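For reference, the structure discussed in these notes is given below.
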Amino acid sequence: MSARKQIRKPSTGLGDTIQKVTQATGIEKLVKFVAGEDCGCEERKQKLNALFRYKEPSCLTEEEYAYLTTFFEENPEQLTKEQTKQISLIWNRVFQTKKFYKPCTCNPRAWVELITDLKQVYDTYAQ
């Protein structure tokens, strides 16, 4: 199977991403030409993947799923402070980060992004 027809799997970490870039730009072929077939690229890729692993979203808890079900059914045009707090808490736990610490409606675009991310996770449960 040619390299162009291969189905690419998603990168699991930085090493996979760097490998894709070096393959696409031809750098990988040049390095293998100069350094030989065993240039250490695979070992570096594995180390970078281990050090800089991309996080996959955590599963929703039953309570979070129930809350989001109600939230998406109501489809509010404006968020209350309680909704911003709950959305922020769920998003931070699911995506293992602390992007928003305080409930705030000062940046509506940011909330649209959070809700869109959560909707994508939520929709996987319907499949």
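Here the extension length gained between residue 77 and residue 55 equals 4.9 nm, from 0.36 nm per residue of separation less the Cα-Cα distance.
Solvent-accessible surface of the chain, averaged per residue with a 1.4 angstrom probe and all protein chains in place: 78 square angstrom.
Counting only aspartates and glutamates at least 8 places from residue 85 when in the same chain, those with an alpha carbon closer than 19 Å to its own are 62, 63, 64, 73, 74, 77, 113, 117. A cut-off of 5 Å between modelled amide H atoms, ignoring neighbours fewer than 5 places along the same chain, links residue 13 with 54.
Past the 18 angstrom mark, what percentage of all C-alpha to C-alpha distances in the range 25-84 do you count?
Working: 1139 of 1770 pairs.
Beyond 18 Å sits 64 percent of the P(r) for the range 25-84.
Note on the chain: along the principal axes its Cα atoms extend 61, 31, 25 Å, ordered by decreasing extent.
Calculated from DSSP H runs of 4 or more alone, at -39500 (n - 2.57) each and per residue, what is the 222 nm mean residue ellipticity of the chain, nearest 500?
On the way: 6 runs with 75 residues, N = 127.
It comes out at -18500 deg cm²/dmol, rounded to the nearest 500.
What do you get for the angle between helix 108-123 and the principal long axis of the chain? Use alpha-carbon atoms, 0 to 90 degrees, nearest ten. In the chain, helix 108-123 runs at an angle near 80 degrees to the longest axis. In the chain, the longest principal axis of the Cα atoms and the axis of helix 14-25 are about 60 degrees apart.
The values are calculated or read from the model by the stated rules, or taken from the named source; none is laboratory data. Everything numeric here is computed off the predicted structure, so don't read it as measured data. We work out accessible area using only protein heavy atoms, side chains counted, and drop any ligands, DNA or RNA first. Shrake-Rupley method; radii C 1.70, N 1.55, O 1.52, S 1.80 Å.
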